[in-house]
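Read through the structure below, which is laid out as structure tokens, and then see the notes.
The values are calculated or read from the model by the stated rules, or taken from the named source; none is laboratory data. Please read these numbers as outputs of a predicted model, since none were measured by experiment. Neighbour counts run over all protein chains shown; Cβ positions are idealised from the backbone, glycine included. For the accessible areas, the whole protein counts, side chains as well, though only heavy atoms, and no ligand, DNA or RNA atoms are used. Shrake-Rupley method; radii C 1.70, N 1.55, O 1.52, S 1.80 Å.
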Amino acid sequence: MLRLHELTMRFGALNAVDGVSLSVGEGERRALIGPNGAGKSTLFAMIAGALRPSGGTIEFDGQDVTGLPEHRRARRGIARTFQHSSLFAGLSCAENVALAVRARRGLGMRAWLGSGRNMDIKREVTGYLDLMELSEERPAGALSHGEARRLEVAMALAQQPRLLLLDEPAAGMSSAESARFAELIQNLDTTLLIVEHDLDVVFAVASHVTVLASGKVIADGSPAEIKASAEVERVYLGTAKEIWC
Ligand SMILES: Nc1ncnc2c1ncn2[C@@H]1O[C@H](COP(=O)(O)OP(=O)(O)OP(=O)(O)O)[C@@H](O)[C@H]1O
Ligand SMILES: [Mg+2]
């Protein structure tokens, strides 16, 4: 579904992403891990279309999308989680997701979820909220940090993405919240690319793990294979979390 070939991003003298080639198959849940500054967010920004690569190509569904702007990639099915600032604090969870559904359908930005022809929108909204275990009526401004992150995922799901990019979705969650979040994410049937420092979440969610350091892929394998090598690191360098964070 996604094929990166020799993808490179240079910021002045810095090769933030340095010749990364990788493929993500349909239905895969791929985690991208690595230390701070490894280039993970930069890679995401290039895949989403927010940053133009200095070199290399990005193929999505067999087509070269390297030159496509972000909104056209979104239309083809690449979605990123919305930032916090895009949640309307005064609107309910359902109204926030309804806005995302309406935007996808090309309808006006009206959050009202009354009767009549809005019923199919309401059904769709309820589906996304159920997947993320959120109640419809709660105002977004009253959500806990973890709930707000889940609402962002629900809004991204409203785009009906084929590839969902999540950059540190569990950051700031308690360990109970992140464990539940990992379970919810596993149930999604979208192809997933997730950057996450919380290795418990990574190993719970991922079907495949890629390790990035200094802009380069340094390891790639099943969670078990990567876990084994992280264990080795743990023996020599302390806990895995200290290595990656
Ligand atoms: N717009 C920019 N201009 C210049 N340098 C940048 C820019 N964006 C990122 N960088 C640099 O590129 C490198 C990779 O940054 P990036 O944010 O992709 O890392 P990361 O792996 O996401 O790190 P973290 O785990 O801390 O989120 C860093 O050295 C960073 O300072
Ligand atoms: Mg980052």
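The number of residues in the range 25-57 being assigned to a helix (DSSP H, G or I) and open to solvent by 30 Å² or more (accessible area, probe 1.4 Å) comes to 1. Of the residues making up the range 174-205, those that are more than 16 Å from ligand 1 (Cβ to nearest atom) and among the hydrophobic types (A, V, I, L, M, F, W, C) are A176, A179, F181, A182, L184, I185, L188, L192, F203, A204, V205.
Looking only at residues that are more than 19 Å from D64 (Cβ to Cβ) and of a type in the set (S, T, Y) in the range 8-48, which one is farthest from ligand 2 (Cβ to nearest atom)?
Step by step, filter the range 8-48, then rank; the result is T42.
Residues of the range 165-203 that are away from ligand 2 (no atom under 16 Å from the Cβ) and either outside the structural domain of A48 (by TED's automatic domain parsing) or open to solvent by 40 Å² or more (accessible area, probe 1.4 Å) (or both): S174, S175, A176, E177, A179, R180, E183, Q186, N187, D189, D200, F203. Taking the range 58-89 as the range and being in a helix (DSSP H, G or I) and farther than 24 Å from G215 by Cα as the test, the residues that pass are H71, R72, A74, R75, R76, H84, S85, S86. Considering only residues in the range 90-99 that are open to solvent by 10 Å² or more (accessible area, probe 1.4 Å) and assigned to a helix (DSSP H, G or I), the one that is farthest from M132 (Cα to Cα) turns out to be L99.
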